[in-house]
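The values are calculated or read from the model by the stated rules, or taken from the named source; none is laboratory data. Since we're looking at a predicted model, the values are computed, not measured. Positions of Cβ are generated from backbone atoms using ideal geometry, with glycine treated the same way; all protein chains shown enter the neighbour counts. Side chains included, ligands, DNA and RNA excluded: accessible areas come from the protein's heavy atoms. Shrake-Rupley method; radii C 1.70, N 1.55, O 1.52, S 1.80 Å.
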Amino acid sequence: FEYESNDVLLTINPPPGSFDNGLCEYDNTDGTETFQLLNPASNRAEIRANDDYSTGSRQFQADVLISTPSADECIHQIFNGTTAPYLLLREETNNNGSLKVALHSGGGASNLATNLYGTRFRLNSINDMNNGNAYLYVNGALVWQGANPGGTFYTKYGCYGTHTVQGKIQFQNVKFFSGGNEVTQDFTLSA
């Protein structure tokens with residue numbers, strides 16, 4: 001579990017069952033992970049699984065609920081090692097809640113899915129190093145595809161971004177896949 005407190009990134013390993021420091025909050029009750037920003041002195045509460053990879057393919061899957069609207073709040077990232085986030089999946093307030101992709105190299109796409117507020121949706125992201133492409137699916141439908149820049153990647157999910165107070169995101173049934181096979185996550189963070 002990673003969180004920010006007054007511009008300092010902190011880690012709790014393994015992730016706690018619940019955490020609230022007045023700046024951000026995390027709770028994992030009965031498999032529902034809730035991330036919320038409470039104060040503008042924090043811009044993230046997220047899980048960073050130890051899934052560093054530079055070959056093969058990885059998939060992230062979760063049932064997501066955006067219950068408190070926030071503008072441009074990141075809910076999922078495919079991070080390119082020490083370089084930067086390659087892909088940021090952000091929720092937007094337009095169209096009764098929508099998703100957009102922002103790429104670190106520039107560009108992206110808006111309105112990948114709409115009318116998301118108050119409705120749980122299935123999110124799948126696949127980063128395939130074999131063919132150099134990344135894919136995003138919402139409720140089983142391909143909503144975005146783009147070339148990845150290569151390198152070493154890892155996955156994050158939670159609530160991250162714009163110092164938006166009260167951004168609240170929930171994840172259920174979180175699963176990670178490697179080469180099509182489900183893997184149990186080791187939450188030991190790498191350096």
Stokes-Einstein D (µm²/s) once Rh is taken as the Kirkwood radius of region 1-60 over alpha-carbon pairs, at 10 °C in 1.306 mPa s: 126
Taking N as its residue count, the alpha carbon Rg of region 49-98 over 2.2 N^0.38 Å: 1.37
Using only Cα atoms, figure out Rg for the chain and give it as a multiple of 2.2 N^0.38 Å. 0.94
For a quick size check, give me the Cα extents of region 17-103 along its three principal axes, largest first, whole Å. 38, 34, 27
Accessible area in square angstrom per residue, the chain, 1.4 angstrom probe: 42
Farthest towards the positive end of the dipole of the chain, among T55, L65, A41 and with Cβ unit charges of +1 on Lys and Arg and -1 on Asp and Glu, lies the Cα of T55
So the carbon and sulfur contribution to the accessible area of region 111-171, 1.4 Å probe, in percent, is 43
In what sequence, highest mean first, do 117-127, 2-12 appear when ranked by Cβ atoms within 10 angstrom? 117-127, 2-12
Environment charge of T93, counting only residues whose C-beta is closer than 15 Å and scoring Lys/Arg +1, Asp/Glu -1: -1
Taking all protein chains in place and a 1.4 Å probe, what share, in percent, of the accessible surface of region 44-99 do carbon and sulfur account for? 43
